[in-house]
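Working notes, structure below.
The values are calculated or read from the model by the stated rules, or taken from the named source; none is laboratory data. The shown structure was predicted, so the numbers you read here are calculated from the model rather than taken from an experiment. Here the Cβ positions follow ideal geometry from the backbone for every residue, glycine too, while neighbour counts run over all protein chains shown. To get the accessible areas, we keep the full protein, side chains included, count just its heavy atoms, and leave off ligands, DNA and RNA. Shrake-Rupley method; radii C 1.70, N 1.55, O 1.52, S 1.80 Å.
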Amino acid sequence: MNEQAVVLINAFEVPSGADESFLAGWERAHDFLLSQPGYRSSQLHKSVELGADFRYVNVSVWDSEEAFRAATSRLEFHDISMEYPLHSSVYEVVSADQRWVSRAH
């Protein structure tokens, strides 16, 4: 990762039984962001604990905070409905261990 790259972390409050609806909305947002300048990757995580406050957490990597802000300020992005409360912030990477490989892919 270069020094400018940033990580967006979104924690979503998705009640039990709403997975299908949430995932459909996340996929719509993800499909839009895939085509945006500066987008690098995303990983969507689901808690293994049934009672977790944040059942889903998205981790996305962007070239810069400016690229992320430009993409998410577009009208087309705002038209994509994400009905579930979320908590998010943009982070800079201060340490990384590159040995982890996702089991999903």
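Quick notes on this one:
- Single residue of region 43-52 satisfying the filter (modelled with pLDDT under 95 and of a type in the set (Gly, Ala, Ser)) that is least open to solvent (accessible area, probe 1.4 Å): ALA52
- As a summary of the residue check, SER64 satisfies the conditions (1) touching a Gly at 6+ places or on another chain (Cβ under 9 Å); (2) open to solvent by 100 Å² or more (accessible area, probe 1.4 Å); (3) over 15 Å from PHE12 (Cβ atoms) except for the one numbered (2).
- Taken over region 73-93, the criterion of being in contact (Cβ under 8 Å) with a residue 12 or more places away in the chain and of a type in the set (Ser, Thr, Tyr) is satisfied by SER81, TYR84, SER88, SER89, TYR91.
- Close pairs from region 30-46: first in a helix (DSSP H, G or I), partner of a type in the set (Phe, Trp, Tyr), Cβ under 6 Å, at least 6 apart: PHE32/PHE77; LEU33/TYR39
- From the list ARG40, ARG55, ARG28, ARG74, the one residue that fits, being within 19 Å of ALA96 (Cα to Cα), charged (D, E, K, R) and either open to solvent by 20 Å² or more (accessible area, probe 1.4 Å) or modelled with pLDDT of 95 or more (or both), is ARG40.
- Check on ALA70, under 16 Å from the mean Cα position of the chain (by Cα) and either β-branched (Val, Ile, Thr) or in a strand (DSSP E or B) (or both): no
- In the set (1) in contact (Cβ under 8 Å) with a residue 60 or more places away in the chain; (2) in a loop (DSSP other than H, G, I, E, B); (3) out of contact with any strand residue (DSSP E or B) (no Cβ under 8 Å at 6 or more places or on another chain); (4) not hydrophobic (A, V, I, L, M, F, W, C), SER21 fails one condition alone, (2).
- Selection status of ALA5, farther than 25 Å from ASP97 by Cα and among the small types (Gly, Ala, Ser): no
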